[in-house]
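The values are calculated or read from the model by the stated rules, or taken from the named source; none is laboratory data. All values derive from a computational prediction rather than experimental measurement. Neighbour counts are summed over all protein chains in view; Cβ atoms, including those assigned to glycine, are modelled from backbone coordinates with ideal geometry. Keep in mind that these areas ignore ligands, DNA and RNA; they rest on the heavy atoms of the full protein, side chains included. Shrake-Rupley method; radii C 1.70, N 1.55, O 1.52, S 1.80 Å.
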Amino acid sequence: MRALALSFAFAALACAAPAAAQSVALTGLEGQRMDLSAEAVHALPRMTLSFDAHGVTQVYEGPLLQDVLKAVGAPTGRELRGPALAAVILATARDGYQVAYGLAEADPGTRPNRIILADRADGRPLEGEAGPFQIVVEGDLRPARSIRQVTHLEVRSLASSEGGEHAN
């Protein structure tokens with residue numbers, strides 16, 4: 001069912017309007033590029049999670065970060081092995097602030113805490129200093145990695161030429 005929902009969401013991407021302020025730019029491991037509109041982000045399967053920042057708890061809503069990155073071919077599940085385990089997601093905010101996450105860290109098959117690209121908080125669209133997109137990392141004890149005003153997500157490999165395939 002989830003795969004079917006993702007298929008419909010990515011089919012909608014082909015019809016999405018040109019990039020605007022309400023979009024996030026994506027770059028994949030092989031240099032694939034795509035601008036994902038707010039509507040396309042909203043069409044992906046949704047998750048909600050509560051997060052406490054500076055003593056204020058909010059309920060955030062949005063797709064798993066891994067589901068967003070599938071649009072540019074990011075490996076997930078059983079594909080996430082070998083050199084792909086040395087990949088990171090570099091998130092960039094409108095003001096240039098950047099945060100890196102391990103690609104495997106964003107995969108729900110690797111760890112229980114979810115990472116979402118939130119577009120809503122407490123039932124309302126993210127706006128102003130937070131929006132239109134904010135990454136929220138479930139289980140973090142402080143909000144430093146919950147980057148706001150996300151404009152670009154890039155998957156990069158940190159694998160060196162010295163690395164090799166692991167037997168497992």
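Remarks
- Extending 7 Å from Cα along the Cβ direction at Asp52 and again at Ala159 yields two label points whose distance is 4.0 nm.
- Solvent-accessible heavy-atom area per residue, rounded to whole Å², over region 61-168 at 1.4 Å: 50 Å²
- The Kirkwood hydrodynamic radius of region 93-140, based on inverse pair distances between different Cα atoms, is 12.0 Å.
- The H on the amide N of Phe133, modeled in the peptide plane, is under 5 Å from the matching H of Gln149, Val150, each at least 5 residues off or on a different chain.
- Heavy-atom surface analysis with a 1.4 Å probe gives region 48-168 a carbon and sulfur content of 48 percent of its accessible area.
- Taking max minus min of the alpha-carbon positions on each principal axis, region 32-168 gives extents of 46, 30, 28 Å, largest first.
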